[in-house]
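Notes to accompany the following structure.
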Amino acid sequence: MGFEFHTTSLQAAVNWARKWSLFQYPFVTACCGMEFMSVAASKYDIARFGAEFPRFSPRQADLLIIVGTITERQGPALRRIYDQMCEPKWVVAFGVCASTGGFYQNYGTMPGADQVVPVDVYIPGCPPRPEQVLDGLMLLQDRIQKGEGHSQITIAAERGYDVPIAAIRPKELKGP
Amino acid sequence: MAQIVLDRLTAQFSGGEIIEVGSSRGNEWARIKREAWVTVCKFLRDDPATKMDMFIDLTAVDRMGLRTFPEDAPRFDVVLHLYSVGHKHRVRLYCGVPEEDPSVDTLVSVWEGVNWFEREAYDLYGVRFKGHPDLRRILMYPEFVGHPLRKDYPKEKRQPLVRRQAGTRE
């Protein structure tokens, strides 16, 4: 049993804990917020996935949920909020506006929040059904467990951990 | 509905201040000369027969490329909607603003609420309101260059304030 084995085991355990205890920061700017409330409320209940607790300070959150249209003017504020969050942190783009700009194609709307922050999971829909959001959340949990989040990869690279599975992802994508 | 307003206008101003009046689908409108813009508005507010005491809306129109746009007409129109709470009538006023000097006197001294509407028209169309107390952009950010609702502003041109940079830590 080498040191390497212990490290990866610990990472797996830590990631397991992380994925069931997401503290979200809802960056709600538009109508998707109604659907977000629905997901957070008792019927669809994201508490089942350990992500029920919205924190309204980015310093206490590790999951940034971008809900709604982002304008160019909001860009610096969004970037600052992301920078203020503690690592490791994850970002979900909720709805098409946050993912790509949606049906807005004009002078004021940012074509997707990933222009300023690295997004881990994109949830399409205008707005997405709560089931889609839960699906996206489970997808994010998978990525967290595998250490594939953007900030997890950066941290692993900086500290010299094992290369996360995400590094071999492009090969997987070449499959049939 | 508000023919009396137009009658009052044409009776009061005979020196060419009122360029044209008309009525379309029950809505009365008048085209005002730029120099008389504030005078006419003040009259409409204070005259007991018109008493336009409520300002509804002010915006601008870029008529560039419009089929109904005459060659010699000014490019921009400032459009003003007024309502009288007492008489329950409305009127719409136009003021042509040429491209080379897109300016018109401010109406803030007539209706206080015009303030932000003029800022919006300035922001999006570039119409300058002379004498406005605080003519800054209201919707776009101060770094923005140009006026996005002008017809010659490129439809998909963006002016980002911040973007992700390759090689930085994320």
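General observations
- Neighbour counts of other Cβ atoms within 10 Å put B:E20, B:E71 in the fewest-to-most order B:E71, B:E20.
- Long-range HN-HN contacts of B:E28 with modeled amide H, under 5 Å: B:A2, B:R92
- Paramagnetic label reach from B:S24 (point 7 Å along Cα→Cβ; backbone nitrogen cut-off under 12 Å): within the range B:77-112, residues B:92-94.
- If R0 is 25 Å, the Cβ-Cβ spacing of A:M138 and A:R80 corresponds to a FRET efficiency of close to 0.30.
- All Cα pairs of the protein assembly as shown, percent lying beyond 34 Å: 47
- Remark: the range A:9-172 carries a charge dipole of roughly 200 debye about the Cα centre, counting +1 on each Lys and Arg Cβ and -1 on each Asp and Glu Cβ.
- Ordering B:K33, B:K155 from the fewest to the most neighbouring beta carbons within 10 Å gives B:K155, B:K33.
- Rg/Rh for the range B:1-59 stands at 0.92; both radii use Cα atoms, and Rh follows the Kirkwood definition.
- Set of aspartates and glutamates near B:K88 by C-alpha distance (under 14 Å), chain-local residues within fewer than 8 positions excluded: B:E28, B:D53
- Taking the range A:9-172 and dividing mean pair separation by its residue count, relative contact order in percent (alpha carbons under 8 Å, at least six apart): 22
- Here the ratio of the Cα radius of gyration of chain B to 2.2 N^0.38 Å is 1.21.
- Each part gets one Cα centre, and for the range B:106-145 versus the range A:132-146 those centres are 47 Å apart.
- Karplus-derived HN-Hα couplings along the range B:98-108 (A = 6.51, B = -1.76, C = 1.60, θ = phi - 60°), whole Hz, x at Gly and Pro: x, 5, 6, 9, x, 9, 8, 5, 6, 9, 4
- Lysine pair count for chain A with Cα-Cα distance under 22 Å and sequence separation of 8 or more or different chains is 6.
- From the Kirkwood radius over Cα pairs of chain A, Stokes-Einstein at 20 °C and 1.002 mPa s returns a whole-number translational diffusion coefficient of 128 µm²/s.
- Under 21 Å from the Cα of B:K130 - lysines, other chains or at least 8 residues apart: B:K33, B:K42
- Fewest-first ordering of B:M52, B:M64 by other beta carbons within 10 Å of each residue's beta carbon gives B:M64, B:M52.
- Extension gain, B:D47 to B:T68: 0.36 nm times the residue separation minus the Cα-Cα distance gives 4.2 nm.
- Nearby aspartates and glutamates by direct alpha-carbon distance to B:K157 (threshold 13 angstrom, same-chain neighbours under 8 apart not counted): A:E72
- Relative contact order (%) - criterion: Cα under 8 Å, at least six apart; region: the range B:3-114: 27
- Compactness check for the range A:36-105: Cα Rg over 2.2 N^0.38 Å is 1.19.
Every read-out reported here was derived from the displayed coordinates using simple, explicitly stated rules and does not represent laboratory data. In this text the structure is predicted, and so the values were computed from the model without any measurement. A quick note on method: Cβ atoms are made from the backbone with ideal geometry, for glycine too, and the neighbour counts reach across all protein chains shown.
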